[in-house]
Structures are given as C-alpha cells and as structure tokens.
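Worksheet for the structure shown next.
Readers should treat all values here as calculations from the given coordinates under stated rules, not as data from a laboratory. Because the structure is a prediction, the values reported are computed rather than measured. Because the Cβ atoms are built from the backbone with ideal geometry, glycine has one as well, and the counts that use them run over all protein chains shown.
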Amino acid sequence: MKSPMLPDEHHKAVQRALHLGRTGDPKALPELVELCRLPSNEVQRLVASAIGKLAEFGADTEAAVAALAPLALRGRHPQTQQYAIRALKKYGAAAHAHVQDLRDMARNPANRNYVRAAAKTAADAIEQASQDTETGVKHRCKRCDTPVSVEEYTRSNEAFQRVFCDRCFDEVFLERRNFETQVEISKTIKARDGTLVQSKGERRIAEWLSRHGIAYRYDTKYRIIGEFQIRPDFYLPELDVYIEYWGLDTPKYKMSMYKKQTLYQQEGKRLISIYPRDLPGLDNVLTSRLRLFGVAL
Ligand SMILES: [Zn+2]
C-alpha cells in the first residue's frame, strides 16, 4: 500500500524513527508508540525495529509488547509483520501471551514464507525465554545455546558485546585473532594521510574523504548491525554513514556482499556501496550518494 502521508512529513517520521532506535533510550518508547500509528509501512517497520532495539536497554516491556503485537499479527504489510515479529522476540517471556498466535501464523500457508519463518523462530524463542524465567536461567550462549553463568555473561559481554559460554568464548577469540592478523597483514597500501588500507580502491576513497575534510574510521572495530557483528570498511561518524568497497568478484565474495548489504538495509543503516567500476568517476559517485543522505559538500 502506498503511504498517504505527505513526502516531507513521511521523511521526518522516518528520520525520527531511525534516530530514536539509535538512541538506546528506553524513554523514547512512548514517542515510538505514537509514530507507529502513522499510515506508512516504512515508518511502522522502522518503529518496530526501533522498539525491538530498546528491549536490551530496559524499555517498558508491557507497553512495547502491546505496541508490537498488533503490527506483528495484523500488520498491513508482510515486511512490517516480519520486523514486528522479530522485535517481539526480543521481549522474550513478556510476549508469552502471543506464542499461540505466532504458531498459527507460522502454520498459515496464506502468509509469506519469511513471515512464517520469523513467526516460528519468535514463538520458539519466546517459549524458551519463558521456561528460562521459570527455571532461573538468565542468558544463553549465542553460539551453542547452553545456559551461561553470570561470570561467563559478564566476560563475553565486555569483550564482544555478545553472550558466549566460556568454551565458545575461547573459540571465537581465536577465530577473531586469526582473522585480524590476516587483515592487518593485508593492509599494505598507504593513503596520503598515513592510513594503511587493503586495496587501491580503498585508498582512493580514503583520500577523497580526507580531501573533503570528512572524518572517517577505517576498519577499526566491529559494529553490531542487526544480530551480526560486521566490520565496515569506512564509517563516517559525523554523518553516520557507512562506505563499503566491494572490490572482488568471486561467487563466495558476492554471497557475503549481498548478505551484508541486506543487513545494512534491514537495519536502516546509511550505506554507500562502491565498486571497481565506480572508481573512474569516484568524485561524482560519492558526492551524489552523500547528497541523497542530505550531505552537501
Ligand atoms: Zn557456547
């Protein structure tokens, strides 16, 4: 359904929903609840995602579930439903009253496959969370799903902002260290400002950014996008924009590229994708993409 809102009003609501989701401030919940009454699928989808993000910051679970459940079960657009279902899942045991409805949705062939899959995952997770509440289990390992102790929770949360049992912690730690060593070894090209990068394409982007006085962080740290941790090539902190340079052309690389691009999109992140074919006209490409995000140079 096309949104009947005015473009300007719509744009403001979209930006507001994105902003509130990023704040991590549970006090934003009432405003989000207001926003999700607006007749726009895009706004509702972003609001649902934002409310989901506030779960871990201690948002009022009852109000959040009350706002999400109608969107999840009767949202006008299947994508809105999918986002609301995923957000509902994050409220765990507090959403227990809706498990049966979610199971019905998962079984109903009239629903889109991705809605059914999301409903099943959410119903399972909410049920598990309810059982955990009863048996006193607070957290489970994200990797192997066993319950973790408070010490394990604290240790892994501090190191990775993720929950792992000690055994998985050690494995993840090693995997990551190997990966980082590989990445550091392959940073052999120096941009004019001294940043070491991995390819000529990245060097062009780095130098373009410094020439335009745009602050950037190159491949510095993992960021949590959706449920994944990814390491963006460039992050522009003042503009909240990501730039990825997709330099390779192998099938495996493309698979992971599509996956990452979808992730950015689903989470409402502002991503500029640059390909080797963009390099000859890089100046125009970056200028016009940034303009789309309201950045005038
Ligand atoms: Zn584990």
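Rounded, prolate or oblate: pick one for region 138-181, where a ≥ b ≥ c are the square roots of the eigenvalues of its C-alpha gyration tensor, a/c under 1.5 means rounded, and failing that, prolate if a/b is larger than b/c, else oblate.
Verdict is prolate for region 138-181.
Could you compute how fast region 187-292 diffuses translationally, taking Rh as the Kirkwood radius over C-alpha pairs and applying Stokes-Einstein at 25 °C with viscosity 0.890 mPa s? Give it in µm² per second.
Calculated translational D: 173 µm²/s.
Given the chain, what whole percent of its Cα pairs are spread farther than 36 Å?
Value for the chain (Cα pairs over 36 Å): 25 percent.
Can you give me the P(r) profile for region 7-133? Cα pairs, bins 10 angstrom wide beginning at 0, each as a whole percent.
Pair shares across the bins are 15, 47, 31, 7, 0.
Which of the lysines could a cross-linker bridge to residue 90, judged by Cα under 21 Å and excluding same-chain residues fewer than eight apart?
Cα-Cα hits under 21 Å: 27, 53, 120, 138, 142, 269.
Based on other C-beta atoms within 10 Å, arrange 205, 230 from fewest to most.
If I rank by nearby Cβ atoms, fewest first, I get 230, 205.
What percent antiparallel are the DSSP beta bridges of the chain, to the nearest 5?
70
Could you tell me whether region 1-50 comes out rounded, prolate or oblate from its Cα gyration tensor? Rule is a ≥ b ≥ c as square roots of the eigenvalues, rounded for a/c under 1.5, then prolate if a/b exceeds b/c, otherwise oblate.
Verdict is prolate for region 1-50.
Within straight cross-link reach of residue 200, meaning Cα distance under 22 Å, which lysines are found once same-chain residues fewer than 8 apart are removed?
187, 190, 221, 252, 254, 260
Go through region 271-283 residue by residue and turn each phi into a ³J(HN,Hα) via Karplus (6.51, -1.76, 1.60, θ = phi - 60°); whole Hz please, and just put x for glycine and proline.
10, 10, 9, 10, 10, x, 5, 7, 4, x, x, 3, 4
In whole angstrom, note down how far apart the Cα centers of region 65-106 and region 146-174 are.
29
For region 30-101, taking Cα atoms only, what is the radius of gyration to one decimal and the Dmax to the nearest whole Å?
Taking only Cα atoms of region 30-101, I get Rg and Dmax of 10.7, 29 Å.
Just the number, please: percent antiparallel of the DSSP beta bridges in region 181-274, rounded to the nearest 5.
65
Determine ³J(HN,Hα), in whole Hz, for all residues of region 68-84 in sequence, where each value follows from phi through the Karplus function 6.51 cos²θ - 1.76 cosθ + 1.60 and θ = phi - 60°; x replaces Gly and Pro.
7, 4, x, 5, 5, 8, 9, x, 6, 10, x, 5, 4, 4, 4, 5, 5
Provide 171, 238, 202 in ascending order of the number of other Cβ atoms located within 10 Å of each residue's Cβ, fewest first.
Result, fewest neighbours first: 238, 171, 202.
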